[in-house]
1. Modelled with pLDDT under 90 and not aromatic (Phe, Trp, Tyr), is that true of Ser44?
2. Does any residue in region 24-37 that is touching a residue at least 40 places away in the same chain (Cβ under 8 Å) and of a type in the set (D, E, K, R) come within less than 8 Å, Cβ to Cβ, of a residue that is surrounded by 10 or more Cβ atoms within 10 Å (Cβ to Cβ) and not in a helix (DSSP H, G or I) six or more places away or on a different chain, and which pairs are these?
Amino acid sequence: MGKIYATESDKCRLVKAKPETVKFLLAYSKSLSITEAKGLQFESNMN
């Protein structure tokens, strides 16, 4: 099992996101509202 993880880590690389992308994702996550009722989940984007 150790060999699997050792070989896979060589393929990983760090990706840099643009500041605009990070700002968009943070704003979206702040406006997202998840409501749960009777075992169902409803997602609302509060613009």
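1. Values: modelled with pLDDT under 90: no; not aromatic (Phe, Trp, Tyr): yes.
Here the answer is no, as Ser44 does not meet what is asked.
2. none
The values are calculated or read from the model by the stated rules, or taken from the named source; none is laboratory data. Computed from a prediction, not measured in an experiment: that's the story for all the values here. So basically every Cβ, Gly included, is an ideal-geometry build from the backbone, and we count neighbours across all protein chains shown.
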